[in-house]
Every structure is written in C-alpha cells, then in structure tokens.
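Trainee: Here you go, one structure.
The values are calculated or read from the model by the stated rules, or taken from the named source; none is laboratory data. These figures come from a predicted structure and were not determined experimentally. Note that each Cβ is placed from the backbone with ideal geometry, even for glycine, and that neighbours are counted across all protein chains shown. For accessibility, only protein heavy atoms count, side chains too; no ligands or nucleic acids. Shrake-Rupley method; radii C 1.70, N 1.55, O 1.52, S 1.80 Å.
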Amino acid sequence: MLNGLDIEGNSPLHRLPVRGKLILLFVAAIVLFLLSDLRLLAPALALSAALYLSTGIGVAEAMRRTRFVLFTVLLVAAANYFFQSPHEGAVVFCRLSTLVLLAAAVTATTGISAFMDEITRLLTPLERFGFVRAADVSLAVGLVIRFVPEIFARYGEIVAAHKARGLPVRPLTTLTPLIILTLKDADTIAMAIDARGFRRH
Amino acid sequence: MNTRDIVLIALFAAIIVVLGLLPPITLGFIPVPITAQSLGVMLAGCILGAKRGAAAVLLVLLLVAIGLPVLSGGRGGLAVFAGPTGGYLVGWVFGAFVCGLIAERLVREEQPELSQFLSFLAASVIGGIAVVYLFGMPWLAYMSGKAFLQTAAASLVFLPGDLIKAFVAMLAGRAVLAGYPLLPQRA
C-alpha cells in the first residue's frame, strides 16, 4: 500500500550520492530566489523539466505527481499576474516550478532505504547530545509503514459496523473508536519490541 | 522516551497517514474540500501531549521527505516542501506541540465536561490553527514575491474548514480522554 515515489533507473541523477543531491537542491533553492531575470529563469525551468524527465519517469506519471503543487504555484503566479504585472507572474511561475521539478527529480531518483540511511547518518551527531536515537527513528518509520494498512482496514471495519447498525457514518463516531482501538495496541506492541531486545540500553 | 512512547508516536503517525487516505469532504458553504489530515495535527497534540504529538507529526513529515506518498491525495516527496504551501507542513510540527502544551496545562481528568471541552477547543484553535498559519502564511507570502498580501489573504478560505476541524478535535480529544487517557498532565 505504501510504495515509495522513486523510479528504478541508472541516470546520472540516480548515481549521485543522496547527500550531494540534497545539497545541490538547497543551493538551487537559494540561487533561484536571488534570480529575478526571466532570461535566466525560463531556461532554468526548461532544464529542470528535462532533468525530471531524464529520470525515466513517464510524462503522465510526472504530471500526476506534481500537478497539485504546480497548481498552487499557478495560483500564486496568477495573483502576481493580476495584482502586479505579467512579468512578475512569469518570474514567480518559472522560479517556483523550477524548484518543485528539481525537488521531484531528487525524490524520483532516491530510494527510501538510501534516504533513510542518509537520515540516520545525519542524526548520529545529535545522538551524542541525547536528543534522539537514530535507531529509534528507523524503528518508528518501520512501525508506521507496517501499521498503516492495518489501521486503514480497521477504519473500514468501523464503517461497516456503523452500516450494519443503521447508523450514519460521521467523522466523530468513526474517529474516536479508531484512535482508542489503535492506541490501545501500544502496550502489546511495545512489549513485543522489548521482548525481542530491539532497543538495547 | 521508552518503547511505549515510540510505539504511540508511530501509531499516531500512522493514524495521520490514514486520515489522508479518506476521501475529502466538500461542504456547501466552504469553497475548498476539507481533508481530515490536518485534523490529525490537532488530535496528536490533544491526545498525546506536546512532545509525543509533535514527534508523531514530525515522523509523518519525515515519511513525506524520504518519498512516501502519505499526504492527502497521495502527495509526497520533497516537491511538497518546495511548493508555496510548504510552510503549513512545517507549522504542523509546532502546531501539534503548542496544542499539546495547552492541553497538558489546562485539561484535568476530574474537571467538569464543559471546561474540558473549552480547554481542548482553545488548544486546537491556538495550536492547530494560529500556530500553523503563523508558519504557513509568511512562507506563502515570501514565495509569492510581490503579490504577498493577496495570496496570504486568499489562504484564509481554509479558515472555516479549520474551525470545523478544531471543533471535531475538541469532541474527539475529550472522548479519547474519557475512554483511554494518555495526555500527560502538569500543573
């Protein structure tokens, strides 16, 4: 049910290390906000679209993934177009869509486990100060991926129970049992984790 | 944090993900469809308290960042943070924290029902709406360039929907407190 957004492939972007991609994305974001010349921003948008498509993602899938964010970008650009000037609208549209496409390209070329490894590595310095334990973060991520389908199925059961009793399905009457039933499992799950010795102290 | 806290955080993050899978509701008098996901932010604070609530929301955002489509409408990946509405997502973490902080200080199990309701409502409105907007609107305004006033004002169309969510969070928060109290309470 929970599949990652990464696309299998061997493009140059796929071969780049995760940290390098994140740093490049960050630098690109800063540079894009410093630029306001359309002669540079328009080619940047074309380049980022080409880069995104070079990851091997089809045009339809690429559109499907970015359409919501691009729609908000379009709204913001339209506000600039109407309230400021057409030029300003074009600048904002090019700048923000370039950034969105670059970010989508990084996501499309980075596998979940590779990204998680990088996060664990970045968290290790924090571990020394006692803020968070990197192993706990990976454990929590694993637990979420494991339990989403189960909680979704439980929601379906609660809705079915409502229908069987002839009750209207209301957010409140479904949410409360869903939350209580789910959180009540916490003790058993925690005991099972401790019994297996996953978190050595 | 003990193992139980970590499990509670993970389970609540999973609940927030499931809330995003439910179809959005359209109400006649509000121009935008309501998704239940930001309701999860208020609920995380009201039910788990400040620290664990914020951790649950942070965990969801981590899943988004590493490329899982866990936001409502199957959105995910770094592009969501790069878009104009990324600030609202960052605000979720602080919103859940403030919501939890207020709920921890105000709500008592032995209180009469009405003051519990009012405390949860205050927590949801201040943490789940005011704090989230405090992060979302400046980000949106900065991203919008020169038309920042208009876009910030336009984002207020979400306010009625969020007020309804705060009301639902109030009712659900109080119901969970009665059925399975988890909120750490302090003076």
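Trainee: Taking the stretch A:39-90 as the region of interest, how many residues are at the interface with another protein chain (Cβ under 8 Å from one of its Cβ atoms), of a type in the set (Ser, Thr, Tyr) and within 15 Å of B:Phe148 (Cβ to Cβ)?
Mentor: Summing the residues that are at the interface with another protein chain (Cβ under 8 Å from one of its Cβ atoms), of a type in the set (Ser, Thr, Tyr) and within 15 Å of B:Phe148 (Cβ to Cβ) in the stretch A:39-90 gives 1.
Trainee: Follow-up. What are the residues in the stretch A:97-145 that are under 21 Å from B:Val80 (Cβ atoms), touching a residue at least 24 places away in the same chain (Cβ under 8 Å) and within 7 Å of chain B (Cβ to nearest Cβ), if any?
Mentor: Answer for the stretch A:97-145, where residues must be under 21 Å from B:Val80 (Cβ atoms), touching a residue at least 24 places away in the same chain (Cβ under 8 Å) and within 7 Å of chain B (Cβ to nearest Cβ): A:Leu99, A:Val100, A:Ala103, A:Ala104, A:Val106, A:Thr107, A:Thr110, A:Ile112, A:Phe115, A:Met116, A:Val141.
Trainee: Also, I was wondering about something else. Please tell me if A:Gly89 is open to solvent by less than 60 Å² (accessible area, probe 1.4 Å) and without any contact (Cβ under 8 Å) to a residue 24 or more places away in the chain. Explain how you work it out, then say what you get.
Mentor: Values: open to solvent by less than 60 Å² (accessible area, probe 1.4 Å): yes; without any contact (Cβ under 8 Å) to a residue 24 or more places away in the chain: yes.
It is true that A:Gly89 is open to solvent by less than 60 Å² (accessible area, probe 1.4 Å) and without any contact (Cβ under 8 Å) to a residue 24 or more places away in the chain.
Trainee: Another question, then. Read through the list (1) within 9 Å of chain A (Cβ to nearest Cβ); (2) at pLDDT 85 or above, then give the number of the only condition that B:Met170 fails.
Mentor: Single failed check for B:Met170: (1).
Trainee: Being farther than 27 Å from A:Ser138 by Cα, open to solvent by less than 10 Å² (accessible area, probe 1.4 Å) and within 14 Å of chain A (Cβ to nearest Cβ) narrows it down to one of B:Ala147, B:Ala141, so name that one. Talk me through it step by step, then tell me what you get.
Mentor: On the way: B:Ala141 fails: open to solvent by less than 10 Å² (accessible area, probe 1.4 Å).
That would be B:Ala147, the only listed residue that is farther than 27 Å from A:Ser138 by Cα, open to solvent by less than 10 Å² (accessible area, probe 1.4 Å) and within 14 Å of chain A (Cβ to nearest Cβ).
Trainee: Name the pairs whose Cβ atoms lie under 6 Å apart, with the first residue in the stretch B:59-82 and more than 7 Å from chain A (Cβ to nearest Cβ), the second among the polar types (S, T, N, Q), and 6 or more positions between them or separate chains?
Mentor: B:Ser72/B:Thr35; B:Ser72/B:Gln37
Trainee: Restricting to the stretch B:77-104, name every residue that is outside any helix (DSSP H, G or I) and surrounded by fewer than 23 Cβ atoms within 10 Å (Cβ to Cβ). Before you say what the answer is, go through the steps one by one.
Mentor: Let us first name the residues in the stretch B:77-104 that are outside any helix (DSSP H, G or I), namely B:77-78, B:83-85.
If the condition is that a residue be outside any helix (DSSP H, G or I) and surrounded by fewer than 23 Cβ atoms within 10 Å (Cβ to Cβ), then B:Thr85 is the only one that fits.
Trainee: Another question, if that's okay. Considering only residues that are more than 9 Å from chain A (Cβ to nearest Cβ) and either of a type outside the set (A, V, I, L, M) or under 24 Å from B:Gly83 (Cβ atoms) (or both), which ones fall in the stretch B:150-164?
Mentor: Initially, the stretch B:150-164 is screened for residues more than 9 Å from chain A (Cβ to nearest Cβ), giving B:152-153, B:155-164.
Within the stretch B:150-164, B:Ala152, B:Ala153, B:Ser155, B:Leu156, B:Val157, B:Phe158, B:Leu159, B:Pro160, B:Gly161, B:Asp162 qualify.
Trainee: Among the numbered conditions (1) open to solvent by 30 Å² or more (accessible area, probe 1.4 Å); (2) within 17 Å of the chain's Cα centre (by Cα); (3) not small (Gly, Ala, Ser), tell me where B:Gln111 comes up short.
Mentor: Of the numbered conditions (1) open to solvent by 30 Å² or more (accessible area, probe 1.4 Å); (2) within 17 Å of the chain's Cα centre (by Cα); (3) not small (Gly, Ala, Ser), the odd one out for B:Gln111 is (2).
Trainee: Residues to consider are A:Leu178, A:Leu96, A:Leu75, A:Leu102; find the one that is open to solvent by less than 30 Å² (accessible area, probe 1.4 Å) and in the same structural domain as A:Ser48 (by TED's automatic domain parsing).
Mentor: Numbers: A:Leu178 fails: in the same structural domain as A:Ser48 (by TED's automatic domain parsing); A:Leu75 fails: open to solvent by less than 30 Å² (accessible area, probe 1.4 Å); A:Leu102 fails: open to solvent by less than 30 Å² (accessible area, probe 1.4 Å).
Residue meeting the stated conditions: A:Leu96.
Trainee: Sticking with this one: Could you list, in sequence order, the residues of the stretch B:158-181 that are open to solvent by less than 40 Å² (accessible area, probe 1.4 Å) and in contact (Cβ under 8 Å) with a residue 24 or more places away in the chain? Before the answer, list the steps.
Mentor: As a first pass, look at the stretch B:158-181 and keep what is open to solvent by less than 40 Å² (accessible area, probe 1.4 Å): B:161-162, B:165-166, B:168-170, B:172-173, B:175-177, B:180.
Within the stretch B:158-181, B:Gly161, B:Asp162, B:Lys165, B:Ala166, B:Val168, B:Ala169, B:Met170, B:Ala172, B:Gly173, B:Val176, B:Leu177 meet the criteria.
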